[in-house]
Amino acid sequence: MPTPIYLATYQGPVLPEATTLGNAAQLEWWKSLDGLTWRGYAIGNQPLGVVSEEITLWSSLQGESHHLVGGFHYVVETDVPDDSVDDFNAWYDTEHLPGLARVPGTVSAKRYLRTSGSPRYIACYELVSPEVMVSEAWLAIRNTSWSDRVRPLFVNTTRVLYVRPDHAAP
């Protein structure tokens with residue numbers, strides 16, 4: 001059985017001191033640029049002191065800049081209609097995620113699936129800077145004919161840029 005992964009979230013300017021991992025192997029926190037939302041990924045046990053939910057790792061790709069530490073974490077969460085799931089997943093798995101992983105400045109690209117709840121699909125990109133998302137290479141991958149066909153199917157979508165708490169925000 002694979003090691004469980006938990007998505008932990010917290011609303012507030014500072015994480016509560018009571019946040020603990022129990023026996024979790026790892027917990028990495030990211031803070032939204034507005035400083036009011038925290039997002040963490042726990043591998044192992046469910047974190048205590050914050051809201052958390054189990055997620056499944058769908059895909060994990062090493063980015064073009066995998067040798068660097070990314071200070072930024074871009075997250076896209078969405079649902080798609082049931083009759084579009086196959087095309088959506090094929091697009092993400094064969095074109096979109098691998099293409100964005102190859103962009104200079106991308107450290108990693110991952111997809112998760114919420115075990116329950118919504119939005120069901122989560123894509124995460126660890127980046128060396130926010131400028132990666134406006135680079136010519138990034139925009140070329142975002143603006144393909146397949147992207148133009150799939151993206152309008154997104155519903156219940158959020159896009160948020162997070163920063164490492166110890167990293168200076170732009």
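Could you check the stretch 28-68 and list, in sequence order, the residues that are of a type outside the set (Phe, Trp, Tyr), more than 22 Å from GLY12 (Cα to Cα) and in a strand (DSSP E or B)?
Let us first name the residues in the stretch 28-68 that are of a type outside the set (Phe, Trp, Tyr), namely 28, 31-37, 39-40, 42-57, 59-68.
Now narrow it down to the ones that are more than 22 Å from GLY12 (Cα to Cα): 43-45, 55-57, 59-68.
Answer for the stretch 28-68, where residues must be of a type outside the set (Phe, Trp, Tyr), more than 22 Å from GLY12 (Cα to Cα) and in a strand (DSSP E or B): ILE43, ILE55, THR56, LEU57, SER59, SER60, LEU61, GLN62.
Scanning for something touching a residue at least 24 places away in the same chain (Cβ under 8 Å), farther than 26 Å from SER32 by Cβ and not acidic (Asp, Glu), does the stretch 120-137 turn up at least one residue? Give the steps one after another, and end with the answer.
From the stretch 120-137, those touching a residue at least 24 places away in the same chain (Cβ under 8 Å) are 120-133, 135, 137; that's our starting set.
Then keep just the ones that are farther than 26 Å from SER32 by Cβ; that gives none.
No, because not a single residue in the stretch 120-137 is touching a residue at least 24 places away in the same chain (Cβ under 8 Å), farther than 26 Å from SER32 by Cβ and not acidic (Asp, Glu).
Return the residue satisfying two criteria in turn: it lies in the stretch 10-58 and is among the polar types (S, T, N, Q) and surrounded by 13 or more Cβ atoms within 10 Å (Cβ to Cβ), and of such residues it is modelled with the lowest pLDDT. Quick ask: steps written out before the conclusion?
Just the residues of the stretch 10-58 that are among the polar types (S, T, N, Q), to begin with: 11, 19-20, 23, 26, 32, 37, 45-46, 52, 56.
Checking the rest, the ones that are also surrounded by 13 or more Cβ atoms within 10 Å (Cβ to Cβ) come to 19-20, 32, 37, 45-46, 52, 56.
Numbers: THR19: 57, THR20: 53, SER32: 94, THR37: 92, ASN45: 79, GLN46: 81, SER52: 89, THR56: 95.
Here the answer is THR20.
So which residues in the stretch 83-97 are over 12 Å from the mean Cα position of the chain (by Cα) and closer than 26 Å to TYR6 by Cβ?
First pass over the stretch 83-97, keeping only residues over 12 Å from the mean Cα position of the chain (by Cα): 83-96.
Answer for the stretch 83-97, where residues must be over 12 Å from the mean Cα position of the chain (by Cα) and closer than 26 Å to TYR6 by Cβ: VAL85, PHE88, ASN89, TYR92, ASP93, HIS96.
Which residues, taken from the stretch 79-119, are in contact (Cβ under 8 Å) with a residue 24 or more places away in the chain, of a type in the set (A, V, I, L, M, F, W, C) and out of contact with any Asp or Glu (no Cβ under 9 Å at 6 or more places or on another chain)?
Going residue by residue through the stretch 79-119, those that are in contact (Cβ under 8 Å) with a residue 24 or more places away in the chain are 79-81, 84, 87-88, 91-93, 95-119.
Keeping just the survivors that are of a type in the set (A, V, I, L, M, F, W, C) gives 80, 88, 91, 97, 100-101, 103, 107, 109, 113.
If the condition is that a residue be in contact (Cβ under 8 Å) with a residue 24 or more places away in the chain, of a type in the set (A, V, I, L, M, F, W, C) and out of contact with any Asp or Glu (no Cβ under 9 Å at 6 or more places or on another chain), then PHE88, TRP91, LEU97, LEU100, LEU113 are the ones that fit.
The values are calculated or read from the model by the stated rules, or taken from the named source; none is laboratory data. These numbers were taken from a predicted model, which means no experiment stands behind them. FYI the Cβ positions are ideal-geometry reconstructions off the backbone, even for glycines, and counts take in every protein chain you see.
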